[in-house]
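Everything below concerns the one structure shown next.
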Amino acid sequence: MRSRSQDPAAVVRSVFDQSSPANQQLTRGLAALLVFIIAISLPAFLTWTAGVDLEIPLRAASRWSAGGQPYLASSFAETSGPGLPYLYPPWLLPLLAPIAELPRTIVLAAWLAFEAAVAVWTCRRFSVPWPAVPLVLLWPPFLEGLVTGNVQVIQLAAFAALFFVPGRSWEPRPRLLDAPNERPGAKPYTLARDALDGLLAAGIGALKYTQLLALAWLLRPRPRAAILGGVALAAVAAAMLPFTGIELYRDWLSQLGRAADPSWAPAGGPLALLVGRPLATAAAVAAVGAIFFVRGRDAGAWVGIALLVAAPSIHGYGMLFLLPTLLVLRRDLAITLAILIARYNPYAWWVSIAVAAASLAASNRFPTLRVLPRGQLPRPVVDR
């Protein structure tokens, strides 16, 4: 009779037992593969124009301040570089115009340095251990944002600040954002706390309107915070209205319509590419509706997934919103998904989002889908 150690089923179970040496070896092997994928991706990213995603709005601000049109339809003929179309809202132009007059090298260097510092802070807010921070920052979705200077890096920091507090390494600690009456014995939130949380939620989507889902989510548990954030965002737009006028907003909406054309090469990876426009629209509507029922420890992870599903299209740096989910899933699964994402194939992005969402949904019933503290046997995870 074969011993239990020779039983193939027992061997398979050992490989997937997070506390076993076999699983630790598997995880280290997957991590090594991720490092390899990152290493071979680096040369391509280093050839990109540094700070190009800041250069685009600065050029638009310069055109606008000189009396020209910031939203050029002709820019859609471009496929890369600083000539790409400006897609941010008009109220940003008066704020950028003075900066656009400064020496460009100094502005770009300061912005990229600031984003790098913010990215490190974000990793630590997500409880990424210091030794792993460089690996996370070199992961293609993060690296793309850092090289191009995309504002998504800053918006991710606002997301981390809203939904998480510093915790133990590899164990993101969610913030409890529920209404005080849902937490027995809890004191009401102060006006200052509501204002800060509202501003953070508004900041997540201030320049990318579909990311305002975080602000919409906040409406149910913390309506005062959501209202304060929305009022602040509207106040900025209103304050800039004497400079921009209404017509510029019509031009902006037209520009967004052109950007939604899936035939435009830099459009990114829309879900419609994978399942067709009707199903993609239905998924976006479902994601928007579902966020109002999200509660508890995984609220940040679910809102991050909803932001991706509801977006008309995603780019590599957009996949940063899947980080909260990857960090709570078991390491072998999370690293496998990180590898798929790092290959920069839109189909792989959406498969990764679907697998991550399904795993997160199933993790309450099957707690071994979540990461466990090293050396501990799998056990049910109790809501905080």
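Were the residues from Ala235 through Phe114 laid out at 0.36 nm apart, the gain over their Cα-Cα distance would be 41.0 nm.
Report the Stokes-Einstein translational diffusion coefficient (µm² s⁻¹, integer) for the range 275-372, Rh taken as the Kirkwood radius over Cα pairs, at 25 °C with viscosity 0.890 mPa s.
Result for D is 180 µm²/s.
The string of couplings for the range 254-268 from the Karplus curve (6.51, -1.76, 1.60, θ = phi - 60°) is 5, 5, 5, x, 5, 5, 7, 5, x, 7, 6, 3, x, 5, x Hz, one whole number per residue in order, with x for Gly and Pro. If you fit an axis through the alpha-carbon atoms of helix 346-362 and take the longest principal axis of the Cα set of the chain, what angle between them do you get, 0 to 90°, nearest 10? Taking Cα atoms only, the helix is inclined about 50 degrees. Seen against the Cα atoms of the chain and their longest principal axis, helix 299-310 is set at about 60 degrees. Of the residues Gly198, Trp302, Gly257, the one whose Cα sits farthest towards the positive end of the charge dipole of the range 194-314 is Trp302 (charges of +1 on Lys and Arg Cβ, -1 on Asp and Glu Cβ, taken about the Cα centre). Within the listed set Leu213, Leu199, Leu273, the Gaussian network model of the chain (springs between alpha-carbon atoms below 10 Å) gives the highest mean-square fluctuation for Leu273.
Taken over the alpha carbons of the range 305-345 as equal point scatterers, the Debye sum produces base-10 log I(q)/I(0) values at 0.18, 0.24 Å⁻¹ of -0.51, -0.85.
Over the chain, what percent of the accessible surface lies on carbon and sulfur atoms, probe 1.4 Å? Before the final figure, lay out each step's value.
Numbers: 12390 of 18110 Å².
Looking at the chain in its full context, I get 68 percent from C and S.
What are the trypsin sites (Lys or Arg not before Pro) within the range 308-372 that DSSP puts in a loop, where the Cβ has at most 10 other Cβ atoms within 10 Å? Each step should come with its number before you reach the end.
Values: sites: Arg330, Arg331, Arg343, Arg365, Arg370; in loops: Arg330, Arg343, Arg365.
Hits after loop and neighbour filter: Arg365.
Once the 1.4 Å probe is applied to the protein heavy atoms, the range 1-157 comes out at 48 Å² accessible per residue.
If you fit an axis through the alpha-carbon atoms of helix 52-65 and take the longest principal axis of the Cα set of the chain, what angle between them do you get, 0 to 90°, nearest 10? Tilt of helix 52-65: around 20 degrees.
Here the translational diffusion coefficient of the range 1-144 follows from Stokes-Einstein with Rh set to the Kirkwood radius across Cα pairs; for 25 °C and 0.890 mPa s it amounts to 127 µm²/s.
Based on the Cα coordinates of the range 185-339, what is the per residue volume of their convex hull in Å³? Before the final figure, lay out each step's value.
Numbers: hull volume 21.7 nm³, N = 155.
Given the Cα convex hull of the range 185-339, per-residue volume reads 140 Å³.
Highest mobility in the GNM of the chain, judged by mean-square fluctuation with C-alpha springs under 10 Å and restricted to Val153, Val309, Val165, is found for Val165. Normalising the average separation of contacting C-alpha pairs (under 8 angstrom, six or more residues apart) by the number of residues puts the relative contact order of the range 129-277 at 14 percent. The charge dipole of the chain, taken about the Cα centre with unit charges on the Cβ atoms of Lys, Arg (+1) and Asp, Glu (-1), comes to about 1360 debye, rounded to the nearest 20.
For the chain, the C-alpha radius of gyration divided by 2.2 N^0.38 Å, with N the number of residues, is 1.05.
Couplings 3J(HN,Hα) for the range 333-345, derived from phi with the Karplus relation 6.51 cos²θ - 1.76 cosθ + 1.60 (θ = phi - 60°), are 5, 4, 5, 4, 5, 4, 5, 4, 5, 5, 6, 6, 10 Hz, where x marks Gly and Pro. Available extension along the chain between Thr105 and Leu33 is 22.3 nm, counting 0.36 nm per residue and deducting the alpha carbon span. Taking the charge dipole of the range 34-136 about its Cα centre, with +1 at Lys and Arg Cβ atoms and -1 at Asp and Glu Cβ atoms, the residue from Ala132, Leu96, Leu58 reaching farthest to the positive side is Ala132.
The C-alpha atoms of the range 204-267 occupy a region whose extents along the principal axes are 40, 30, 13 Å, arranged from largest to smallest. In this structure the amide hydrogen of Arg370, modeled in the peptide plane, comes within under 5 Å of the amide hydrogens of Arg330, none closer than 5 places in sequence on its chain.
Give me the number: length gained by fully extending Ala44 to Phe292, i.e. 0.36 nm times residue separation minus the C-alpha to C-alpha distance, one decimal in nm. If you can, show how the numbers build up before the last one.
Working: separation 248, 0.36 × 248 = 89.28 nm, distance 4.01 nm.
Extra length available between Ala44 and Phe292 comes to 85.3 nm.
Note on the chain: with a GNM built from Cα contacts shorter than 10 Å, the maximum mean-square fluctuation among Ile353, Ile37, Ile341 falls on Ile37.
The values are calculated or read from the model by the stated rules, or taken from the named source; none is laboratory data. Every value quoted in this text rests on a predicted model; they were computed, and no experiment measured them. Methodologically, a virtual Cβ is constructed for each residue, glycine included, from the backbone with ideal geometry; neighbour enumeration extends over all protein chains shown. When the accessible area is computed, the model is the full protein with side chains, heavy atoms only, and any ligands, DNA or RNA have been set aside. Shrake-Rupley method; radii C 1.70, N 1.55, O 1.52, S 1.80 Å.
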